[in-house]
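The values are calculated or read from the model by the stated rules, or taken from the named source; none is laboratory data. All of these numbers come straight from a predicted model, not from anything done at the bench. Methodologically, a virtual Cβ is constructed for each residue, glycine included, from the backbone with ideal geometry; neighbour enumeration extends over all protein chains shown.
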Amino acid sequence: MWNLTRFASSRLSRTRRLFSSVIPGPCIVHKRGTDILHDPWFNKDTGFPLTERDRLGLRGLLPPRVISFEQQYDRFMESYHSLEKNTKGQPDGVVALAKWRILNRLHDRNETLYYRVLMDNIKDFAPIIYTPTVGLVCQNYSGLFRRPRGMYFSAKDKGEMMSMIYNWPAQHVDMIVLTDGSRILGLGDLGVQGIGIPIGKLDMYVAAAGINPQHVLPVMLDVGTNNQKLLEDRLYLGLRQPRLEGEEYLEIVDEFIEAVFTRWPKAIVQFEDFQMKWAFETLDRYRKKFCMFNDDIQGTAGVALAGLLGTVRAQGRTLADFPDQKIVVVGAGSAGLGVLSMAVQAVARMTGKNETAAQNFFLLDKDGLITKERKNLDPAAAPFAKDPGQIVGLREGASLLEVVKKVKPDVLLGLSGVGGVFSEEVLKALRESGSTRPAIFAMSNPTMNAECTAADAFKHAGENIVFASGSPFENINLGNGKVGYVNQANNMYLFPGIGLGSLVSGARFITDGMLQAAAECLASYMTDEEIQKGILYPSIDSIRHITAEVGASVLRAAVAEEVAEGHGDVGPKELAHMSKEETVEYVFRNMWYPIYSPLVQEK
Ligand SMILES: NC(=O)c1ccc[n+]([C@@H]2O[C@H](COP(=O)([O-])OP(=O)(O)OC[C@H]3O[C@@H](n4cnc5c(N)ncnc54)[C@H](O)[C@@H]3O)[C@@H](O)[C@H]2O)c1
Ligand SMILES: O=C(O)C[C@H](O)C(=O)O
Ligand SMILES: [Mg+2]
């Protein structure tokens, strides 16, 4: 691990020093008067200095007193805290949506202030703009909709996308997160309402990776929905038609991809929350041609692998013992299969044997244990299908409880989207597994879809477990001063660094080596002391720091694999000559930091 000062606290003065070299130079805004006040990219509200009020036609459009950024910040936080106080005792969903609304209003009004409060309070605000509240927002999006954000391409826009892409006001776009809304978290097909996910992911890109918010683009590809409830909802804002399938579907995605990379050839596209068949198909179709990745398959895999390697260390063993871990994966979808392939590749690298690399992994889907006897075995799951004879009595379709009792696994990893499948019996059976420190990864989102709660895990599987969930839970008080630590095993620890590293290296595409480098960086980030306590991932407070390190690892892998073409003034040769520390500094230097930049040139 590199010797960098942790970025644990985000108090402003320290952070400002770190970023002082990257404060953008004066930018000239061509707008005037109320057009500026209504543009969240440039708006400073009461913070416009007098010179800018004079020269941008703002005099008289604002109350006379100029309020400092810090005062504006405090004012927002005060109103946020009074909202917290006033909504105390109300149902969780009502409170969560009220918090989302107040943040969303700021987002729509003043992005600089919004991103500063988000960055500084990421632990409190991530659960609102990201999982779990973003799930509730998507479920209610048509009713909550006030102002559009991002772009919407629908099946009705066929043939028009190349011209539509030029409707986006920014000249320059770095990061695009794209969904078709077909598998939003564990909530299923939410059609056009899924746009909340790309918005939330890109908020994390700004907060964690320091991507300039003027250079991000959330995109919804609306090809219809198969959600009957939405089709019948009079408020539903998407196309009222069943989802396109087959070639018709792919033609829409192809057209969008062509339009995007024609206008912004250097952009990175993150595919998010596509149903499994299209997640794999589109990844296969585009990954060797464009700079894109699928977060649910590839980002999740790296985060899970880092957690699995951390688990071995938490058991007091060395990483060389990883191939001996017995791991049960529940959920054979895009995320579960992504995790398994990366973990099996890691075992194959460690042991030098491909044939036996999958032997300690057990895969279940909604029909139970997947074996070679499975009828209509999905080819993507086939490499992980068990030989029914491998463990006596382990039959095709065995239930999770049977599997846990027979296999006695070290790890139970859930990516099923089904809340509560790690039942009391299953957790108690895990307790009997004989593992020195069993691990439970209840990775499905949002909270109600988690395979079990943190409290149930510690209660039924024992206090000695390692626990991680996809959505946040509070740590568990185990009494006598002992804490059951709750990790958040969420792809947010990797996707911002994968995107950023690809961007600042100017990668032509995103290779397996780059993804592996990201996972290894995250895996090696934690100290032995932290790991012994059961802490597998960094605190979300240090997300910018870990993202810079991940980004730098991805960059170095891109250079090593000769896909880096350079970024801005920095060519591939310069990238290749950078030391490890220099790559981290370079990545930091490329991060945007939310402060008001001058909107007029000094006279
Ligand atoms: N924590 C993270 O970073 C992260 C990342 C990606 C996905 N996820 C979550 O993982 C979940 C699944 O995502 P996906 O893209 O793989 O979905 P998917 O629809 O592609 O796959 C779901 C899988 O779960 C299986 N399944 C359903 N019910 C089951 C049951 N009762 N027992 C066992 N298996 C069952 C299905 O057969 C299918 O194989 C979602 O809730 C998503 O939010 C979390
Ligand atoms: O969105 C998240 O929180 C993680 C993941 O991408 C998911 O689909 O659940
Ligand atoms: Mg996702």
- Test Leu50 against the criterion of being touching a Ser or Thr at 6+ places or on another chain (Cβ under 9 Å), among the hydrophobic types (A, V, I, L, M, F, W, C) and at pLDDT 95 or above, and give yes or no. no
- Query: Before we move on, is Tyr537 closer than 14 Å to Ala301 by Cα, within 16 Å of ligand 1 (Cβ to nearest atom) and hydroxyl-bearing (Ser, Thr, Tyr)?
  - Reply: no
- Search result, residues across region 444-469 that are within 16 Å of ligand 2 (Cβ to nearest atom) and within 18 Å of Asp92 (Cβ to Cβ): Asn445, Pro446, Thr447, Met448, Asn449, Ala450, Ser469
- Item | Residues (in contact with a Ser or Thr (Cβ under 6 Å, 6 or more places away or on another chain) and either within 14 Å of ligand 1 (Cβ to nearest atom) or within 14 Å of Val329 (Cβ to Cβ) (or both)) located in region 377-395 | Ala385, Lys386
- Task: At least 1 residues that are among the charged types (D, E, K, R) and modelled with pLDDT of 95 or more in each: list the helices (runs of 4 or more DSSP H) lying fully within region 472-553 that qualify.
- Result: 512-523, 528-532
- Task: Please indicate, with yes or no, whether at least one residue in region 419-432 is within 22 Å of Gln298 (Cβ to Cβ) and either within 31 Å of the chain's Cα centre (by Cα) or touching a residue at least 60 places away in the same chain (Cβ under 8 Å) (or both).
- Result: no
- Query: Out of all the residues in region 199-211, is one or more in a loop (DSSP other than H, G, I, E, B) and modelled with pLDDT of 95 or more?
  - Reply: yes
- Message: It is to be established whether one or more residues within region 59-73 are under 28 Å from the mean Cα position of the chain (by Cα) and free of Cβ contacts under 8 Å to residues at least 40 places away in the same chain.
- Response: no
- Contact list, first residue from region 14-42 and of a type in the set (Gly, Ala, Ser), second anywhere and at pLDDT 50 or above, beta-carbon distance below 7 Å, six or more apart or interchain, is Ser21/Arg589; Gly33/Gly57; Gly33/Leu58; Gly33/Leu61
- Note on the structure: Subset of region 243-275, residues touching a strand residue (DSSP E or B) at 6+ places or on another chain (Cβ under 9 Å), in a loop (DSSP other than H, G, I, E, B) and under 16 Å from Asp222 (Cβ atoms), comes to Glu272, Asp273, Phe274
- Item | helices (runs of 4 or more DSSP H) wholly inside region 372-465 that include at least 1 residues being within 22 Å of Val347 (Cα to Cα) | 400-407
- Task: Would you mind stating whether Ser444 is surrounded by fewer than 17 Cβ atoms within 10 Å (Cβ to Cβ), within 15 Å of ligand 1 (Cβ to nearest atom), over 22 Å from Asp324 (Cβ atoms) and in the same structural domain as Ala306 (by TED's automatic domain parsing)?
- Result: no
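For every residue, the table says whether it meets (1) more than 16 Å from ligand 1 (Cβ to nearest atom); (2) surrounded by 19 or more Cβ atoms within 10 Å (Cβ to Cβ).
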position: Asn480; (1), (2): yes, no
position: Leu494; (1), (2): no, yes
position: Leu515; (1), (2): no, yes
position: Ser524; (1), (2): yes, no
position: Ile531; (1), (2): yes, yes
position: Ile546; (1), (2): no, yes
position: Val554; (1), (2): yes, yes
position: Ala558; (1), (2): yes, yes
- Item | Matching option when the condition is modelled with pLDDT of 95 or more and within 24 Å of the chain's Cα centre (by Cα), among Leu340, Leu369 | Leu340
- Query: Taking into account only those residues within region 416-443 that are touching a strand residue (DSSP E or B) at 6+ places or on another chain (Cβ under 7 Å) and within 16 Å of ligand 2 (Cβ to nearest atom), which is nearest to Ser334 (Cα to Cα)?
  - Reply: Ser416
- Query: Where in region 100-192 are the helices (runs of 4 or more DSSP H), entirely inside, with at least 1 residues that are of a type in the set (S, T, N, Q) and in contact with an Asp or Glu (Cβ under 8 Å, 6 or more places away or on another chain)?
  - Reply: 141-144
- Working only within region 272-290, note down all residues that are out of contact with any helix residue (DSSP H, G or I) (no Cβ under 6 Å at 6 or more places or on another chain) and surrounded by 24 or more Cβ atoms within 10 Å (Cβ to Cβ). Phe274
- Query: Taking the stated definitions as given, is Met276 away from ligand 1 (no atom under 16 Å from the Cβ) and either outside the structural domain of Met175 (by TED's automatic domain parsing) or closer than 27 Å to Asn491 by Cβ (or both)?
  - Reply: no
- Every pair of residues 6+ apart whose Cβ atoms lie under 8 Å, when the first sits in region 161-185 and is on the phi > 0 side of the Ramachandran plot and within 16 Å of ligand 2 (Cβ to nearest atom) while the second is at pLDDT below 95 and outside any loop (DSSP other than H, G, I, E, B): none
- Message: Quick check on region 402-441: of everything there that is closer than 12 Å to Ala468 by Cα and not aliphatic (A, V, I, L, M), which residue is surrounded by the fewest Cβ atoms within 10 Å (Cβ to Cβ)?
- Response: Pro438
- Task: Give just the number: which of (1) touching a residue at least 24 places away in the same chain (Cβ under 8 Å); (2) over 17 Å from Ala517 (Cα atoms); (3) of a type in the set (Gly, Ala, Ser) does Gly568 not satisfy?
- Result: (1)
